[in-house]
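Here the structure comes first, spelled out in structure tokens, and everything after it is commentary.
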Amino acid sequence: MNADATDAPAAPGRLVLLTTSHRVAPGLLSWPAWQTLRAADRVLCADDAHPQLPYLREAGIAVEAAVPGARELVGFCRAGDRTAVVITSTDGDTELTDGLARMAGSGRETMPDLELLPGSYDLPGARLLDLVQIMDRIRRECPWSGVRTHEDLAKYGIEEMYELVEAIEEGDRETLREELGDVLLQVVFHARIAQDDPDEPFSVDDVAGTIVEKLINRHPHLFGADEAHTPEDVKAHWLRTKADEKRRTSVTEGIPLGQPALALAGKLASRARTAGIDAVPAGEGVGYELLGLAVRAEAAGTDPETALRAAARTYRDAIRSAEEAAAGSGG
């Protein structure tokens, strides 16, 4: 008998844990995943409702509807250098993975090659699908959220935007991320409410589709034949396209009057300046003085609302310093 053959150690085999993303359409697996599945001696999945199973079976891959324990799987792989693929379920198959970890950590077991193979990867923005799904469940099952209306939520949208602005002004990145999420929630919540409208329903997909079309239409230098080489060119494209879309008879149309007065003055001044209109009214009193300041600030390239907010924050800090000084002196 050949000594080399008898003394050679048994091949370890291969045990693959195949993960997939529920945010990617079933059947869209990576090429390494398909190669591994087709070459495997055994494919298993504990979740008989796993969305990948119909597509695997359609591709001629037999999938066992149960996953044995860690020791049995290890024994199968070690016997004859065989490959077993476990398609992991949403709960992560912790019993199997814990068992494998114990065996590998004991130092007394000859383990097959263990591999974690991602079968699909999330695309950018994929977590938005989670948000839509969660919002849908909340809308259906939560006693409070299930009866909210657009009117009920209007004040929260304003509050969240102010909190977002404050996070930007503070330069707090963690808070900025959180506040962006709160603003995004308002969009998804309103879209889900709109979906229930009996007369004119629309969904978050309709909302996204509308803004996608608008962005494409207003960037003809990217998605069309036009050219734009400077920020000024882009802005000119945007304004022309927007004017064509809205068919407005006045540059003041579309400016919300409910916004803070200084921001409103700055927006009116911007529209008027762009259109070449000089129509600042003359009048007496602090209101007209503030209006004049806002118009001059906008013409100089300064947003009056932002400038006053920055000054007001400095004013707030000065007040706090004065309070601390007074408290320290016992006054």
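None of the figures in this text is laboratory data; all of them are computed from the coordinates on show. Owing to the predicted nature of the structure, the values given are computational and were not obtained by experimental measurement. A quick note on method: Cβ atoms are made from the backbone with ideal geometry, for glycine too, and the neighbour counts reach across all protein chains shown.
With the simple model of a label 7 Å out from the Cα in the direction of the Cβ, Thr302 to Glu166 spans 2.5 nm.
Give me the lysines in straight-line cross-link reach of Lys242: C-alpha distance below 24 Å, same-chain residues under 8 apart excluded. Reachable lysines: Lys214, Lys267.
A crude spin-label estimate for the pair Asp41 and Arg57, with each label 7 Å from Cα along the Cβ direction, gives 2.5 nm. Could you give the length gained by full extension between Asp136 and Glu109, i.e. 0.36 nm per residue of separation minus their alpha carbon distance, to one decimal place? Full-extension gain reported as 4.9 nm. When Glu169, Glu174 are sorted by how many other C-beta atoms sit within 10 angstrom of their C-beta, beginning with the fewest, the order is Glu174, Glu169.
Shown here: region 124-217, whose C-alpha atoms stretch 43, 37, 23 Å along the first, second and third principal axes, sorted largest to smallest. Stretched out straight at 0.36 nm per residue, the stretch from Glu95 to Tyr315 would grow longer than its current Cα-Cα span by 73.2 nm.
The magnitude of the dipole of the chain, with charges of +1 and -1 set on the Cβ of Lys/Arg and Asp/Glu and taken from the Cα centre, is near 480 debye.
Helix-derived [θ] at 222 nm for the chain: sum -39500 (n - 2.57) over DSSP H runs of at least 4, divide by residue count, nearest 500? Intermediate results must be reported in sequence, preceding the final value.
Numbers: 14 runs with 189 residues, N = 331.
When only DSSP H runs of four or more count, the value is -18500 deg cm²/dmol.
Label-to-label distance for Glu64 and Ala126 is 2.8 nm, based on points extended 7 Å past Cα in the beta-carbon direction.
At 10 °C and 1.306 mPa s, what whole-number value in µm²/s does Stokes-Einstein give for the translational diffusion of the chain, with Rh from the Kirkwood sum over Cα pairs?
It diffuses with D of about 59 µm²/s by this estimate.
The longest part of the chain holding none of the exposed loop chymotrypsin sites (Phe, Trp or Tyr not before Pro), meaning those outside H, G, I, E and B in DSSP with at most 13 other Cβ atoms within 10 Å, is 203-331. Computing FRET efficiency as 1/(1 + (r/R0)^6) for Ser21 and Val234, where r is the C-beta to C-beta distance and R0 is 30 Å, gives about 0.25. Close amide H partners of Glu64, meaning residues 5 or more places away or on another chain with modelled amide H under 5 Å apart, are Val43, Leu44, Cys45.
Each residue of region 58-66 is assigned a 3J(HN,Hα), and the resulting list reads 5, 7, x, 9, 6, 10, 6, 8, 8 Hz, derived from the Karplus form 6.51 cos²θ - 1.76 cosθ + 1.60 (θ = phi - 60°), x at Gly and Pro. Counted residue by residue at 0.36 nm each, then reduced by the alpha carbon distance between them, the extension gain from Ala327 to Glu72 reaches 84.4 nm.
Would you mind checking region 229-249 for residues with the amide N under 17 Å from a putative spin-label position 7 Å along Cα→C-beta of Val280? Within reach of a label on Val280: no residues. Ordering Val234, Val86, Val295, Val212 from the fewest to the most neighbouring beta carbons within 10 Å gives Val212, Val234, Val295, Val86.
Shape class for region 113-172, computed from the alpha carbon gyration tensor (a ≥ b ≥ c): oblate, with a/c not under 1.5 and a/b at or below b/c. His150 sits among other residues whose Cβ lies under 14 Å from its own Cβ, and their net charge, with Lys and Arg +1 and Asp and Glu -1, is -2. Ignoring solvent entirely, what values of log10 I(q)/I(0) come out of the Debye formula for region 258-318 at 0.18, 0.22, 0.25, 0.30 Å⁻¹ when each Cα is a single scatterer? Relative scattering, expressed as log10 I(q)/I(0), comes to -0.64, -0.89, -1.06, -1.27.
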